[in-house]
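Asks: I'd like to ask some things about the structure below.
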Amino acid sequence: MPKNCLFCNIVKGLVPSYKIAENNKVLVFLDIYPQTKGHTLVIPKSHSVNILDTPDQEVEVVYKMVKKVCLALKKSLKVNDFLVKSHNGVLAGQEIGHFHVHIIPCYDSSCKNKKREEGKEEHLRRLQKTISSHLD
């Protein structure tokens with residue numbers, strides 16, 4: 001794992017996060033600059049830059065977790081629609097060089113155009129507990 005990778009450092013516990021779920025392959029946590037309430041990131045624990053250099057088995061595990069998290073968000077936040085996306089490469093808007101998938105709950109049609117804003121700690125902690133409690 002690269003020492004300067006933010007997500008690798010979150011996996012190692014060197015950088016705090018609002019963890020939603022975790023297993024031996026995947027980590028799920030809230031985005032601290034959410035586009036909407038419940039904006040979540042799903043990452044493989046092992047480092048890969050984007051989907052192209054991520055082993056197929058890890059991509060599969062990541063996307064299985066994405067579905068599980070979407071179901072938990074649906075139950076906990078009463079939302080039915082989601083943007084599920086991954087930016088792959090700088091020209092595509094990838095800001096962190098570690099493969100990750102965004103799950104952005106859509107409460108109305110403006111979800112794709114909303115600006116990201118820094119989340120408030122108290123609000124993120126409450127969301128963390130609420131969403132985590134709905135994971136099967």
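Asks: Sort by residue number and report every cysteine in the chain with no other cysteine beta carbon within a distance under 4.7 Å.
Replies: 70
Asks: Where does each of 103, 20 land when they are ranked from fewest to most other beta-carbon atoms within 10 angstrom?
Replies: 103, 20
Asks: For the chain, what is the mean residue ellipticity at 222 nm derived from helices alone (per DSSP H run of n ≥ 4: -39500 (n - 2.57); sum divided by total residues; nearest 500 deg cm²/dmol)?
Replies: For the chain, the value works out to -9500 deg cm²/dmol.
Asks: A further question follows. I need to check one value: relative contact order of the chain, counting alpha carbon pairs closer than 8 Å and at least 6 residues apart, in percent. Numbers along the way, then the final one.
Replies: Values: 223 pairs, mean separation 42.0, N = 136.
About 31 percent, as a whole number.
Asks: Subtract the Cα-Cα distance of residue 114 and residue 14 from 0.36 nm times their separation in residues, and report this length gain in nm to one decimal. Walk me through the intermediate numbers first.
Replies: Details: separation 100, 0.36 × 100 = 36.00 nm, distance 3.00 nm.
Contour length minus Cα-Cα distance gives 33.0 nm.
Asks: Where a Cα-Cα gap under 19 Å defines reach, which aspartates and glutamates qualify for residue 3, not counting those fewer than 8 residues away within the same chain?
Replies: 53, 95
Asks: Quick one: Debye curve from the alpha-carbon atoms of the chain only, equal weights, vacuum; give me log10 I(q)/I(0) at q = 0.22 Å⁻¹ to two decimals.
Replies: Log10 I(q)/I(0), no solvent term: -1.54.
Asks: Also, I was wondering about something else. For residue 12, give me every one of the aspartates and glutamates with a C-alpha distance below 14 angstrom, ignoring sequence neighbours fewer than eight places off in its own chain.
Replies: Partners found: 22.
Asks: Moving to a separate point now. What does the net charge come to around residue 80 if you take all other residues with beta carbon closer than 15 Å to its beta carbon, with K and R at +1 and D and E at -1? Walk me through the numbers on the way to the answer.
Replies: Details: positive: 37, 67, 74, 75, 78; negative: 81, 108.
Computed value for this residue: +3.
Asks: To the nearest Å, what is the center-to-center distance of region 1-48 and region 63-136, using C-alpha atoms only?
Replies: 12 Å
Asks: Moving to a separate point now. Which order do peptides 25-31, 44-50 fall in by mean Cβ count within 10 Å, highest first?
Replies: Going by the mean number of other Cβ atoms within 10 Å, highest first, we get 25-31, 44-50.
Asks: What number in nm² do you get for region 1-67 if you take the convex hull of its Cα atoms and divide its surface by four?
Replies: 4.8 nm²
Taken together, the values in this text are just the output of simple stated rules run on the coordinates, not laboratory data. All of these numbers come straight from a predicted model, not from anything done at the bench. Cβ coordinates were reconstructed from backbone atoms using ideal geometry, including for glycine residues, and neighbour counts include every protein chain displayed.
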